[in-house]
1. Of Ser178, Ser24, which has the most accessible area and how do the rest follow, probe 1.4 Å?
2. So how strong a dipole does the chain carry about its Cα centre when Lys and Arg Cβ are +1 and Asp and Glu Cβ are -1, to the nearest 20 debye?
3. Find the relative contact order for the stretch 1-126 and round it to a whole percent, using C-alpha pairs within less than 8 Å whose residues are 6+ positions apart.
4. Mind running the shape call on the chain? Use the C-alpha gyration tensor, a ≥ b ≥ c as the square roots of the eigenvalues: rounded below 1.5 for a/c, prolate if a/b tops b/c, oblate otherwise.
5. With a/c under 1.5 counting as rounded, go ahead and sort the stretch 102-247 into rounded, prolate or oblate using the C-alpha gyration tensor (a ≥ b ≥ c being the square roots of the eigenvalues; past the cut-off, prolate if a/b is larger than b/c, else oblate).
6. Just order 73-86, 154-167 by mean Cβ neighbour count inside 10 Å, highest at the front, would you?
7. On a 1.4 Å probe surface of the protein chains, which of Tyr121, Tyr251 comes out largest in accessible area, and what is the full order?
8. Using a cut-off of 19 Å between alpha-carbon atoms, which aspartates and glutamates can reach Lys188, once sequence neighbours fewer than 8 places away in the same chain are excluded?
Amino acid sequence: MQNKVIGIMGAMPEEIEDVVALLSNPVTKIIGMRRYTYGTINGVKTVVVFSRWGKVAASATAATLVNVFNITELIFTGVAGGISPELKIGDIVIGTKLIQHDIDARPLMQQFEVPLLGKTYFDAPTIQLNKAQKAVTTLIDESGIHKVINTTTLSKFDISTPTLHTGIIASGDTFFASNTNKQALLKKLPEVLCVEMEGAAVAQVCYEYNIPFTVIRTISDTADDKSVTDFPEFIANVASKYTFSIITSLYASQYVIII
């Protein structure tokens, strides 16, 4: 248990504020313009940080968690745009595979392949996937979702029965806000569920350091011209509540203290 150190990264500062509040005896350290807060949750050493947006920022943050704080596991949470037509706002996606949709070193290698690693996808470990699915299921149970988010907010974003999806998450340094971009991605990678700007980069860092990881994304929009009209409110009143509930469930299940 003493050797277990969990790193928790959030793609938005509002998403990690409540998680930071869970820390016992919190201490803050500024490294590379990022605020790392560390302490314990349920006796487990934990470091919480806002990564900032984009693959480079997320990679730098993940590498610092590994090399400075010696994490043994990483949980990354944030919002994403839905690519699959099956997804709706308020749904949750857990990444089984992560891919960088904007990496292209052709003709030296095939499109989407990461140079020198010979990999296109980074696979999330099965143990972490199973635990995350249980935590999310606890949240999206009808009674569970109403315990953390009020009815008015759920109605505003047309969230009634959010569902859990597991599958491929695509990452790249592009914000999707048009149906043209969305359809172009689907044509190249038809199995992708959602798109964001950090997950696959974090997965690559974890792969290179042999660190188990979990990437959990809340669908905030449909990655096209019909985006959420009040993104800040969605982050503050939906995504942040999702994150807090999921992290609380993960620690309550004590999976993080099993070595």
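The values are calculated or read from the model by the stated rules, or taken from the named source; none is laboratory data. On a predicted model such as this, the values are computed, not experimentally measured, just so you know. Counting neighbours? That spans all protein chains shown, and the Cβs are built from the backbone with ideal geometry, glycine included. When the accessible area is computed, the model is the full protein with side chains, heavy atoms only, and any ligands, DNA or RNA have been set aside. Shrake-Rupley method; radii C 1.70, N 1.55, O 1.52, S 1.80 Å.
1. From most exposed to least exposed: Ser24, Ser178.
2. 560
3. Result for the stretch 1-126 is 24 percent.
4. In terms of gyration-tensor shape, oblate.
5. Oblate, because a/c is 1.5 or more while a/b does not exceed b/c.
6. Highest-to-lowest ranking by the protection proxy: 73-86, 154-167.
7. Ranked list, largest accessible area first: Tyr121, Tyr251.
8. Glu86, Asp102, Asp104, Glu113, Asp173, Glu196, Asp224
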